[in-house]
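Worksheet: one structure, shown below.
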Amino acid sequence: MNSTEAILKERIKELTCLHEVTSIIVNSDYDQLHISLEAIAYCLKKAWQFDKDAEVEIKSGIYRVKTKGFSPLMATIKSEIKVFNKVDGHILVGYPEYKYSKSDFLEEEEVLLDNISLAVSNLLERKQIKDSEEKVKRQMERTDRLHILGEITAGIAHELNTPLANILGFTELLKERISDKEASRDLQKIVDNTIFSREIVKKLMFFACEMPQEMDVIQLNPIIDNVLQLLRPSLKAKKIQLVKSFDTADIQLRADTVQLTQVLFNLIMNAVYYSPEGGKITVEVEGNTKNNKIHIKDEGPGIDPGIGDKIFEPFFTTKPIGDGSGLGLSVVHGIISSHKGSITHRQNQPKGTIFTVNFPKL
């Protein structure tokens, strides 16, 4: 084959590759993007001058695909993948090092690789935009549900308060009039369960923002110390190691002391509940120019990614029946939101969960 025919053949391979990659991208399923990237890698392999020896790796963010024979010990050329003008990965095309060198790559092949990288970058950008739109949509739907639930729960809480107070009051009167020990024990069970129900009503009222706030400028660190003091018996019972880290002694917030205490108590108590015996819980406080952050880290089983968006919804719980009402984290979320703050969670390493609470600076 003369040189003109060889050059023409290479150009046809490159054009065919561009056409196939464009078709793959157009028909990509954003939920299974690794399949599209793998198909692109094999298209690239066929486009190279020595296609039987060429191997490809595409790496970006959580994605890493490569053709079967790819190895780090290869003579390669590289093109960066940029997502929203930020380097997010690369595409490598290589030949076996013992047989080829970088001089065996054609200039046209480098141009082709840059064009494919640009196309992959655009695909990943569209994926991020789609994910962001879906997240905003879920947040709006969740806000609507919470608003409706807030109105319902406010009504329920008010309706339950009076009969619960009556049950508690009349049971206490009966206890004073009855001397039978077995009957007294039964009446005490009624009292205990009524108090438990009243606490759920309080949580409903917090969730519905029916509890009045008393906002003051307060010191954060002493409140955390007080909560940890309250939880000392629970920490001791599970032999949990507590690590505190306050980057400054003087962090001030505008907050309701009772509600902030409830937030910290719920989050740390959750960490205790899910921690293994002899585990470690870390409470960190950091302040910067914009926010005050509280990190609560545990070494429990972590949060399944499939339920990550649900944990702040009211009545959702992973605890066994009787161990939790499913209102704790929804109340925490509501209180923090009313303080113009935010709460997020992520995986701890090597295991567990980190909750991060952000409160705005004064």
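The values are calculated or read from the model by the stated rules, or taken from the named source; none is laboratory data. These figures come from a predicted structure and were not determined experimentally. We place every Cβ from the backbone using ideal geometry, glycine too, and count neighbours over all the protein chains shown. Heads up: the accessible areas ignore ligands, DNA and RNA and are worked out on the full protein's heavy atoms, side chains in. Shrake-Rupley method; radii C 1.70, N 1.55, O 1.52, S 1.80 Å.
Quick notes on this one:
- Computed over segment 171-308, the range of Cα coordinates on each principal axis works out to 62, 38, 34 Å, biggest value leading.
- Cα-based radius of gyration of the chain once divided by 2.2 N^0.38 Å, which approximates compact folds: 1.46
- Neighbourhood charge, 15 Å Cβ-Cβ cut-off, centred on PRO96 and excluding it, Lys, Arg +1 and Asp, Glu -1: 0
- Using 0.36 nm per residue and subtracting the Cα-Cα separation, the extra length available between LYS189 and LYS59 on full extension is 40.7 nm.
- With contacts taken as Cα pairs under 8 Å at a separation of at least 6 residues, the chain carries a relative contact order of 10 percent.
- Acute angle (nearest 10 degrees) that the helix 33-47 long axis makes with the longest principal axis of the chain, alpha-carbon atoms: 10
- Rounded FRET efficiency, nearest 0.05, which uses the C-beta distance separating LYS181 from SER338 and R0 of 35 Å: 0.15
- Count Lys and Arg as plus one, Asp and Glu as minus one, and take only other residues whose Cβ is under 9 Å from that of GLU108; the net charge is then -4.
- Neighbourhood net charge (9 Å Cβ-Cβ; Lys/Arg +1, Asp/Glu -1) for LYS280: -1
- Accessible carbon and sulfur surface of the chain relative to its total accessible area, %, 1.4 Å: 54
- Calculated diffusion of segment 21-150, Stokes-Einstein form, Kirkwood radius summed over Cα pairs, 4 °C and 1.567 mPa s, µm²/s: 80
- Each of the peptides 240-250, 346-356 was scored by the mean count of other Cβ atoms within 10 Å over its residues; in descending order, highest first, they stand as 346-356, 240-250.
- Helix 328-338 and the long axis of the chain differ in direction by around 80°, with both axes built from C-alpha atoms.
- In this structure the chain gives 58 Å² per residue of accessible area when probed at 1.4 Å with all protein chains present.
- Dipole axis of the chain (+1 Lys, Arg; -1 Asp, Glu on Cβ), positive-most option in GLN128, ALA255, SER337: ALA255
- Compared with the dominant principal axis of the Cα atoms in the chain, helix 181-207 is inclined by about 50°.
- At R0 = 41 Å, FRET efficiency that the Cβ-Cβ distance of GLN241 and SER71 yields, to 0.05: 0.40
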